[in-house]
Ligand code: NDP
């Protein structure tokens, strides 16, 4: 008789959990996965996927303007938020079904319900105790809102995807990915948008030029950026909310959205009944094999709060399945992970910031360019595209590439391969450009702007 009912029990069917479950089953393991909310997790339901759909939707306003410059007679344009949300919900439902099919076709047992740990080999779900030799926790994260008077009046990204109507005015608090992306989304849909960030310049940790230039481009579009201040309290009034700021200013608005980070989902899942250790932020501590301090329990993705990106969670799921059941020990290479903020314009980046490169290599060369994208040349738009390469002078290797402009994510994904392969600036220079594109600028920047 088998000692355990399953070889692997996965708690949380998001990007990482589903990939680990289906690959492990593909290697012949007996696998079950539990989910209490939605298949596909944050990314599919209240993250990357619906966000990108909203970004597309919100950019059409500018596209209609661009079209006028190219001779199109564009009539009265009108935007229907409900229509968009209905279509978005239908698409997400389709994707939930795709996830279910993928699990089924790989022989993974899906159990809908909230799973809690009873001990380090037992999970309780829907009143039943199920045993597994190994348990994987991939429960992701959840928006976190600080405590202050009036906190109960705010929404987070979770609710933003399901609003019944668009507000006339919104305040978004935070200076990270989500705040910046949603500021572009709401502004593009005609909402009077103010972003409030506590520090002097948003996107802390990104290359300084990117932070400066994106703030400039967003302001040019009409997004209000209030830096060096924070909300200390919110009052509800008959016609909206009053946000009291630490700089003594008060702002009146219809909706306030907090995007002040996410916390790992580690509460109320019975971790106290195991030897799993959490760090000060509540994330599960794992070793380089994704194993927690309790040897039968593993964790991947946002619940470990390391690099909170979908493709990273997926890569971790693959590495874990290969190592545990595929007889192919695997580890994720966390260097040179490209990322894109779907702000408007997009911000794409890979490798080191100028500040990090200077610290690491001492002598560096910087190449920069800023220009009007050709698509906007027949319009009144004053949006500019920005590109920057950072080169280690000694080895000539390109150690960072950064861009703000249309399709920055698409372009940086390709550049990321070159950087991962260790391409030198000489190789970038020897690469023939595709003309006319914006991307060709990455292989035609010749003049260093200094070190
Ligand atoms: P981030 O960690 O990116 O940003 C949080 C922001 O909130 C920071 O600007 C931070 O300021 C600010 N903040 C934190 N606490 C407070 C507070 N008490 N009062 C005021 N401001 C505060 O979190 P997000 O919520 O934007 O996104 C979560 C994660 O999701 C990201 O880290 C990213 O990994 C992932 N994500 C990725 C996307 C993509 O790949 N395109 C899109 C969306 C999310 P400070 O900098 O001063 O600490």
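Every read-out reported here was derived from the displayed coordinates using simple, explicitly stated rules and does not represent laboratory data. Everything numeric here is computed off the predicted structure, so don't read it as measured data. Here the Cβ is made from the backbone with ideal geometry for all residues, glycine too, and neighbour counts use every protein chain on show.
Using only the Cα atoms of the stretch 274-428, build the gyration tensor, take square roots of its eigenvalues as a ≥ b ≥ c, and label the shape rounded, prolate or oblate: rounded if a/c is under 1.5, else prolate if a/b is larger than b/c, else oblate. Present the calculation step by step, with values, prior to reporting the outcome.
Details: a/c = 2.47, a/b = 1.88, b/c = 1.31.
Since a/c reaches 1.5 and a/b is larger than b/c, the shape of the stretch 274-428 is classed as prolate.
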Check your understanding: Fewest to most neighbouring Cβ within 10 Å: what's the order for 292, 24?
Key -> 292, 24
**Study point:** the chain, helix-only ellipticity at 222 nm - DSSP H runs n ≥ 4, -39,500 (n - 2.57), divided by all residues, nearest 500
**Key:** -9500 deg cm²/dmol
Review point. Per 5 Å bin, what is the whole-percent P(r) computed from every C-alpha pair distance within the stretch 268-334?
Key: 4, 18, 27, 24, 17, 8, 2
Review point. Using the 10 angstrom Cβ neighbour count as an exposure proxy, how do 367, 4 rank, fewest first?
Key: 4, 367
Practice item. Calculate the spin-label point distance for residue 82 paired with residue 67, positioning each point 7 Å from the Cα along the beta-carbon direction, and give it in nanometres. Key: 2.4 nm
**Study point:** Convex hull of the stretch 242-293 built on C-alpha atoms - directionally averaged projected area, nm²
**Key:** 6.3 nm²
Practice item. Counting other beta carbons within 10 Å of each Cβ, put 335, 138, 58, 323 in order, fewest first. Key: 335, 323, 58, 138
Point to revise | Angle between the chain longest axis and helix 81-105 axis [Cα atoms, degrees, rounded to 10] | key: 40 degrees
**Study point:** Descending semi-axes in Å of the stretch 121-182, equivalent ellipsoid built from Cα gyration tensor
**Key:** 36, 14, 13
Exercise for review: Find the relative contact order for the chain and round it to a whole percent, using C-alpha pairs within less than 8 Å whose residues are 6+ positions apart.
Suggested key: 16 percent
Practice item. Give the Rg (one decimal place) followed by the Dmax (whole number) of the stretch 151-260, computed from C-alpha coordinates and expressed in Å. Key: 13.2, 43
Practice item. May I ask you to compute the full-extension gain from residue 74 to residue 396, defined as 0.36 nm times their residue separation minus their alpha-carbon distance, rounded to one decimal in nm? Key: 111.0 nm
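Rounded to two decimals, what is the ratio between the C-alpha radius of gyration of the stretch 362-451 and 2.2 N^0.38 Å?
Working: Rg = 13.3 Å, N = 90, 2.2 N^0.38 = 12.2 Å.
Cα-based Rg divided by the globular estimate yields 1.09.
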Exercise for review: Return an integer: the convex hull volume of the alpha-carbon atoms of the stretch 1-109, in Å³ per residue.
Suggested key: 115 Å³
Practice item. Figure the gain on full extension for residue 48 and residue 331 (residue separation times 0.36 nm, minus the Cα-Cα span) and round it to one decimal in nm. Key: 99.4 nm
Review point. Label-point separation (nm) for residue 363 and residue 248, each offset 7 Å from Cα along Cα-to-Cβ?
Key: 5.2 nm
Exercise for review: Evaluate 2.2 N^0.38 Å with N set to the residue count of the chain, then give the Cα radius of gyration divided by it.
Suggested key: 1.06
Point to revise | Alpha-carbon radius of gyration plus Dmax, which is the widest Cα pair, for the stretch 76-229 in Å | key: 21.0, 62
Review point. How high is the relative contact order of the stretch 43-130, given as a whole-number percent (alpha carbon pairs under 8 Å, six or more residues apart)?
Key: 17 percent
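Which whole-number percent is the relative contact order of the stretch 339-443 (Cα, under 8 Å, 6+ apart)?
29 percent
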